[in-house]
Amino acid sequence: MNESNDNFRDRSLRWMPGGSNGEYGIPEGDAPVIERGAGCRVWDTSGREYLDMTMAWGAALVGHAHPKVLEAANAAAVNGANFAAVTRSMVELAERIADLSSCVERIRFVASGTEATMLCLRTARAATGRPKILKFEGAYHGQHPEGIASLVGSEPPEWPQSDPAGTGAPWVERDVLVAPYNDLATTERILTDHAADLAAVIVEPLHRCLPPVDGFLQGLREVTARHGIVLVFDEVVTGFRLALGGAQQY
Ligand SMILES: Cc1ncc(COP(=O)(O)O)c(C=O)c1O
C-alpha cells in the first residue's frame, strides 16, 4: 500500500475506533480508504482500483454516482433539501409508496433503517402496553440494542433467551426473545408461552439470504393476529426490490 493511502489509514485510525465505522474487520494495514466510486468500481486514496462487491451493503445497488441519481439529487438540492416541515416531494412520495405497498395506513419518513425499526418496536410497545419483542436468530434490524441482539453469537443461548451482543443494554436479555427462522412450530410455542408480554414480532421476510419456507410467514401472520401481537416486516432490504411492493407483494 503506498504512502498516500497509509497516511489516510493512520488518520482514520486516529479518529475512528479500529479505523472503521463498523464495516468489515479488515486487518489494520490492509483496509483501503476510499476516495471515490463510479458504477461498480471504487478507488482508494492512493489511486488503486477495486471491484466493489458490497455496493454499500446493497444501498448503492444501481452503482456509485449513477448519472440518473446524480441528476435527480442535483435537481432537488437546488431547491434546498432540509426543512423542518413537510415538503411537496414528501407528500408525493408518500402517495406513491401508499399506492405500491398494500399494508400502508400512515407514513413516517426517517433517515435510516435503524430508526425505522426502532420506532416500529416502540410504537408496538406503546400500542399494546406490552414490554417484549421477538426476533429471529441471526437477524439484523439496525444498530439499536434490539436490532443487534443474537446477531452472531458463537455460543447462542437456548431459545428464546437472547444474546445481548455486548454490554450497555441490560434490558435486552429480559425483553428480547429469540426464535429460529423458518421453524414455525418452535416459534408458535414461544409466542403462545409469552403472548401476554409480547408487543411485536419483527422479521425480515427474506432472512438475510434465507427465503421463507412455505407457510412460515403466513403462519406468523396467523399466530400473531390470534394473540394481538404486532407483526413487523423489516423491508429495509427487500422493499421496492424483491417486488416493487416489497416482499409482502412478492
Ligand atoms: C434488514 C435490515 N434492517 C435494518 C437495517 C438498518 O438500516 P440502516 O443501516 O439504514 O440503519 C439494515 C441495514 O443493513 C438491514 O439490513
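On the given criteria, is Thr167 of a type in the set (Ser, Thr, Tyr) and modelled with pLDDT of 95 or more?
Working: of a type in the set (Ser, Thr, Tyr): yes; modelled with pLDDT of 95 or more: no.
Criteria not met by Thr167.
Restricting Ala98, Ala126 to those that are without any contact (Cβ under 8 Å) to a residue 12 or more places away in the chain and in the same structural domain as Glu204 (by TED's automatic domain parsing) reduces the list to Ala126. When Gly80, Gly63, Gly47, Gly37 are checked against the criterion of being over 20 Å from Ala243 (Cα atoms), surrounded by 15 or more Cβ atoms within 10 Å (Cβ to Cβ) and not polar (S, T, N, Q), a single residue qualifies: Gly37.
Of the strands (runs of 3 or more DSSP E) contained entirely in region 117-214, those carrying at least 1 residues that are small (Gly, Ala, Ser) and open to solvent by less than 40 Å² (accessible area, probe 1.4 Å) fall at 176-179, 198-203.
Checking each residue in region 215-250 for being surrounded by fewer than 17 Cβ atoms within 10 Å (Cβ to Cβ) and among the acidic types (Asp, Glu) picks out only Glu222.
The values are calculated or read from the model by the stated rules, or taken from the named source; none is laboratory data. Treat the numbers as computed from the prediction; the structure is a model and nothing was measured. Cβ: placed from backbone, ideal geometry, glycine included. Neighbour counts: every protein chain shown. Ligands, DNA and RNA are excluded from the accessible area calculation, which covers all protein heavy atoms including side chains. Shrake-Rupley method; radii C 1.70, N 1.55, O 1.52, S 1.80 Å.
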